[in-house]
1. How far, in degrees from 0 to 90, does helix 8-22 lean away from the longest principal axis of the Cα atoms of the chain, to the nearest 10?
2. Quick check: convex hull over the Cα atoms of the chain, volume per residue in Å³, rounded to an integer?
3. Does anyone have the angle between helix 206-218 and the longest principal axis of the chain? Alpha-carbon axes, 0 to 90°, nearest 10?
4. Between T50 and residues 5 or more places away or on another chain, which pairs have amide H atoms under 5 Å apart, with H built 1.01 Å from N, and which residues are they?
5. For region 173-250, list log₁₀ I(q)/I(0) at each q in 0.18, 0.22 Å⁻¹, using the Debye formula over Cα point scatterers of equal strength and ignoring solvent, two decimals each.
6. Please give the net charge around R180, taking every other residue with its beta carbon less than 15 angstrom from that of R180, where Lys and Arg add +1 and Asp and Glu add -1.
7. DSSP beta bridges in the chain, what fraction antiparallel, as a percent rounded to 5?
8. Residue by residue through region 137-151, what is 3J(HN,Hα) from phi via Karplus (6.51 cos²θ - 1.76 cosθ + 1.60, θ = phi - 60°)? Round to whole Hz and write x for glycine and proline.
Amino acid sequence: MRMKPRFQTPILTMLFVWLFNLSPDPAMAEKKAAQKVHFDPVIRKIEGWTVHVDPKLLKGEHAKEGDRALKMLGNHLQRIAVLLPKDRLKKMRKLELWIEHDHPDINTEPGPYHPDVKWLNERGYDPRLAKKVHVTRAASLLERHHMIKHPAVILHELTHSYHNQVLGFDEPRIKAAYERAMEVGIYDEVLDYAGRNVRHYAATNHMEYFAEGTEAYLYRNDFYPFVRAELKKHDPVLHDLLEDIWGPLK
C-alpha cells in the first residue's frame with residue numbers, strides 16, 4: 001500500500017491560498033480604481049456657497065464646459081438665495097457642494113447628496129464628498145431634459161443636506177407627516193411632468209418626502225403637486241410644516 005506524503009495536503013492548501021491571493025478581487029480592484037481618481041479640488045465661492053471644483057473644469061480641454069456649468073450652478077444657487085428668508089439662507093449657505101467633470105462610477109445626475117462617509121469609504125470613493133451635494137457630471141446641469149424634468153435639482157439636494165445637518169434626519173415632524181401621507185395614500189398615484197400617472201418619488205422615504213415637498217413649496221416639482229398652491233390643497237399638513245421650516249411665502 002502506497003502511503004501519501006505527510007505534508008501533501010497542507011502544501012497544496014498553502015499553494016491554493018497563495019494563488020487565490022494573487023488573483024484579483026473584482027470588488028477590491030474596483031475600489032482601488034475609484035481611489036485613483038481622487039483629486040484636490042479648487043475652492044470657489046459661488047453665490048455665497050463653498051463649492052469644491054474639479055480642476056479639469058477650470059483649465060484644459062474641459063474649461064469651456066466648466067465655465068458654463070459653474071454659471072448654471074450659480075443660477076441654481078442664486079434662485080435659492082432669492083427664495084429663502086435671510087435666517088434660513090444663512091444656514092443653507094454653510095452647506096457645501098462638490099462639482100466634477102465626470103465621476104467614473106457614480107452616475108446619479110446631476111448628482112446626489114452624500115450623508116455618510118462610511119458608505120463612501122466602503123466603495124473607495126473620496127471621503128471628502130461626505131456631507132456635500134455632489135454634481136457628478138458638470139455638463140448634466142446644461143442638458144435640456146434635466147432642466148425640463150427637475151429645474152430645482154440643486155434645491156432638492158441642498159434640502160437633503162439641510163435636513164441632515166440642520167434639522168436632523170430624525171426630525172419628528174417630518175417623519176410624522178410622511179407616515180400620515182403614506183397611510184392615506186395621497187402619493188400612490190399622481191401626475192408627473194410628462195403627463196404619466198406614477199407613484200410619487202416622495203413616497204420613497206421621509207427624506208425624499210421633505211425634499212420633493214420643498215421643491216413644490218419654494219419653486220416647481222416634477223410630480224404633482226407641482227407648485228405651492230397645489231401642495232396646500234393636496235397635502236396641507238406638509239404645506240404647513242414647510243411654511244414653518246422655510247418661512248411663509250408672500
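1. Helix 8-22 sits at roughly 40 degrees to that axis.
2. Hull volume normalised by residue count: 203 Å³.
3. Value to nearest ten degrees: 40.
4. L97
5. Result of the Debye calculation: -0.62, -0.94.
6. My count for the surroundings of R180 gives -4.
7. On the way: 10 of 17 bridges.
Restricted to the chain, the bridges split so that about 60 percent are antiparallel.
8. Values, residue by residue: 9, 4, 5, 5, 5, 9, 8, 4, 5, 5, 5, 5, 6, 9, x Hz.
The numbers here are math on the coordinates, done by the rules we state, and not lab data. From a predicted model like this one, the values you see are computed outputs, not experimental measurements. Cβ atoms come from the backbone with ideal geometry, glycine included; neighbour counts cover every protein chain shown.
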